[in-house]
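> Questions regarding the structure given below will be posed in turn.
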Amino acid sequence: MFATAPELLSADDSAAVQQTAVDVSIVATDRDEIPFVQEINTPMSMPVSANDAEAHAKFRRADLSIFKAEPDAFFDFSYRSVVEEMLAAVVGAEAPVRDDVLAQRIARAHGWLRTGNRIREKIERHLGAFDVTEDSAGRFIWLKGSVTTVVDYRPAETESDRRPVTDISLPELIGFVRQYPLALDEPDPALVFARLLGLERLAASSRARLNEAIAAAKGFLEKEGHIHANPGN
């Protein structure tokens, strides 16, 4: 079954992160999370060389316009190869990607605004070629053999490539938090990371998601010696 992620906005008036140079750019979105500034690609506490910065990949949605989509043939057995190639293209470009987002990409490529149960069930039958993990936000699809506990965060390549926090896998959010260990000392780390992600408003579900990533990332950072465990927390 595919996951859904309704989000309820919670107001905040905390100040944005200090000591972080950003290029301010107000943008629009149709999701509950309102982008505030461009995503920050350089960790504020870890020096990064030009080569290191170039090594971090950007997130870009898969381009399915290269395929000849045939909505009327979608459920035909003979159309299986096209569906499989589309899935491979999306997973190859976006993985780990949430299963309902994957289904939505395929549906939109065929001109459907809604992703009905039949479409989801059809796609489900083709997921055997990939690995699947599940966390609090839903199921995530990975390339075969690529599942890991931490992956590098991929900032959006363009404004249209932005992802809501709940569309990002937990391992990738953990990777993002690990880039900014000093942010964990702030009074409201979740809000700090929301600002670093470019969000003006932090939805309740997104705050919970970030707090989950923060808790997991702290364990890694403590083991690596970047931070020390606080017995009082």
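Here, each number is a calculation from the coordinates, and none is a lab measurement. Keep in mind that this is a model prediction, so the values were computed, not measured. Every residue, glycine as well, gets a Cβ built from its backbone with ideal geometry; the counts of neighbours run over all protein chains shown.
> When D135, D72, D161 are ordered from fewest to most other Cβ atoms inside 10 Å of their Cβ, what list results?
Arranged by neighbour count, lowest to highest, D135, D72, D161 become D72, D161, D135.
> For the range 71-142, what D do you get in µm² per second when you plug the Kirkwood radius from alpha-carbon pairs into Stokes-Einstein at 4 °C and 1.567 mPa s?
105 µm²/s
> Any idea what the dipole of the range 71-142 comes to, in debye rounded to 20, about its Cα centre with Lys/Arg Cβ at +1 and Asp/Glu Cβ at -1?
Here the size comes out at about 240 debye.
> Which one, A103, H126, V90, projects farthest toward the positive side of the charge dipole computed for the range 71-142 from Cβ point charges (K/R +1, D/E -1)?
With unit charges placed on the Cβ atoms, the residue in question is A103.
> Can I ask one more? Say each of E85 and H126 gets a label point 7 Å from the Cα, pointing the same way as Cα to Cβ; how far apart are those two points in nm?
According to this spin-label approximation, the distance is 1.1 nm.
> While we're on this one: Computed over the Cα atoms of the range 97-233, what is the convex hull's projected area averaged over all directions, in nm²?
Directional mean of the projected Cα hull area for the range 97-233 stands at 9.9 nm².
> For the range 148-226, what D do you get in µm² per second when you plug the Kirkwood radius from alpha-carbon pairs into Stokes-Einstein at 25 °C and 0.890 mPa s?
194 µm²/s
> Suppose every Lys and Arg Cβ carries +1 and every Asp and Glu Cβ carries -1, with no other charges. What dipole size does the range 148-226 come out with about its Cα centre, to the nearest 20 debye?
With only Lys, Arg, Asp and Glu charged at Cβ, the dipole is about 160 debye.
> Now for a different question. Relative to the present Cα-Cα distance, how much length would full extension add between I66 and D152 at 0.36 nm per residue of separation?
Between I66 and D152, full extension yields 28.2 nm more.
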